[in-house]
Amino acid sequence: MTAAPSVDGVLVQWGERLFYPGNRIVKTSPLPRLSSSVWQRAQGIRNRIHATVTLRAPQVMVKVTGGGRGMAAIAAHFRYISKNGRLTIEDDRRVDHEGKEALHDLVDQWRFGGSFIDEVSYRREAFNIMLSMPRGTDPDTVKGAAREFAQTELAGHRWVMVLHDHQANPHVHLSVRAESISGQRLNPRKGDLQRWRETFAEKLRDRGIQAEATRQFTRGANRSHDALWRIKAKDDDRLRKVGADVKTGKTYELSRREAITAWAHVVVALEHSDDPWDQSLAKDARRFLSESAYFKEAVKRRLRERVVEVRPEPKPVVRPVVTRDRSGPEMER
């Protein structure tokens, strides 16, 4: 008889699809062999599940909000994030810049520091990034985690950052020069953004803040976030067409179904574990999934489909055929 797959093996095979999609294992791959490495990876998956479904840790946000095509646009963004010099700008050397004069000096440093940046450029010379946490998070901790994030992910590039703590949620505006000191250009893709979220969440956890960077499809979320141009257009009353609040489409549906399949394997494995903590984690996961937006949406859709399936076919209505006899009144056949 073939031995039953280990709980740790299942967690690694299916849990990594949920929490580390860049490392997805193809469907035909066998379960990983038991080793100390597999045990460590499984423990990491357990920790991510616990943070997501039990602690409901806040999700970090890392978003590219735009970028400057030339020094004029970059300088305008510096003025915006610093409130025209009233807020302190910290640069990659941990030097603080305060006031309008310091702001002008910083602009000149970026203009001439490396390849010259003209007032208007045909290419993006800087990227604007926002790192955010929900209301109630300590602003100084967010700033410290953002600084360490930039030192890790944007090493070799010039960058500046400003903390905004006067709004509902504390967040950091970070602007990074696209060209590094060595001449390499930054070109963030979707995978880079997820890695940035992971890094920012890790830096927050290192500082004692519960934070997660779980993808939407793992959480069963279906919210569609407006692009920055839509948000600005809405604020200026220029938005003509409102976008959808929830995601739809084949890609959305496929990713959520894959996530539900992976969760099913993970939950069953945890339920069959001899460890009471695993069993408790399975209960929390089931509760979390039942409350997710996609699960509720899928259940409602399936119920509607079943109603259609069991609805009886309407009986045909038989009506009498009326004929007219040429020699007499109408008669029924």
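Readers should treat all values here as calculations from the given coordinates under stated rules, not as data from a laboratory. Nothing here was measured: the structure is a model prediction, and the numbers come from that model. In this analysis, Cβ positions are derived from the backbone assuming ideal geometry, glycine residues included, and neighbour counts consider all displayed protein chains.
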Q. So which trypsin sites (Lys or Arg not before Pro) in the stretch 83-114 are both in a DSSP loop and have at most 14 other Cβ atoms within 10 Å of their Cβ?
A. LYS83, ARG86, ARG93, ARG94
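Could you give the length gained on full extension between ARG207 and ASN84, defined as 0.36 nm per residue of separation minus the Cα-Cα distance, in nm?
Details: separation 123, 0.36 × 123 = 44.28 nm, distance 3.08 nm.
Result for the pair: 41.2 nm of gain on full extension.
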Q: Would you mind ranking ARG256, ARG123, ARG177 by Cβ crowding within 10 Å, fewest neighbours first?
A: ARG123, ARG256, ARG177
Q: Could you line up ASP118, ASP284 from fewest to most neighbouring Cβ atoms inside 10 Å?
A: ASP118, ASP284
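Mind scanning LYS203/LYS296; LYS83/LYS190; LYS250/LYS296; LYS63/LYS100; LYS203/LYS283 and naming the pairs with a C-alpha gap bigger than 25 Å?
Numbers: LYS203/LYS296 33 Å; LYS83/LYS190 30 Å; LYS250/LYS296 18 Å; LYS63/LYS100 27 Å; LYS203/LYS283 29 Å.
From LYS203/LYS296; LYS83/LYS190; LYS250/LYS296; LYS63/LYS100; LYS203/LYS283, over 25 Å: LYS203/LYS296; LYS83/LYS190; LYS63/LYS100; LYS203/LYS283.
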**Q.** Cβ-based charge dipole, the stretch 108-226, positive-most Cα from ALA155, LEU193, GLN216
**A.** GLN216
Q: Calculate, for TYR122 and GLN43, the FRET efficiency according to 1/(1 + (r/R0)^6) with r their C-beta to C-beta distance and R0 51 Å; round to the nearest 0.05.
A: 0.55
Q) Using θ = phi - 60° and the Karplus form 6.51 cos²θ - 1.76 cosθ + 1.60, what ³J(HN,Hα) does each residue of the stretch 138-147 get, whole Hz, x for Gly and Pro? A) 4, x, 5, 5, 4, 5, x, 5, 5, 4
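By count of other Cβ within 10 Å, fewest leading, how are PHE200, PHE112, PHE217 ordered? Before the final figure, lay out the partial values.
On the way: PHE200 28, PHE112 11, PHE217 22.
Fewest-to-most ranking of PHE200, PHE112, PHE217: PHE112, PHE217, PHE200.
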Q. Which value in nm describes the separation of the simple spin-label points at GLN109 and VAL95, placed 7 Å from the Cα toward the beta carbon?
A. 0.4
Q. How much net charge surrounds MET71 when only other residues with a Cβ under 10 Å from its Cβ are counted (Lys, Arg +1; Asp, Glu -1)?
A. -2
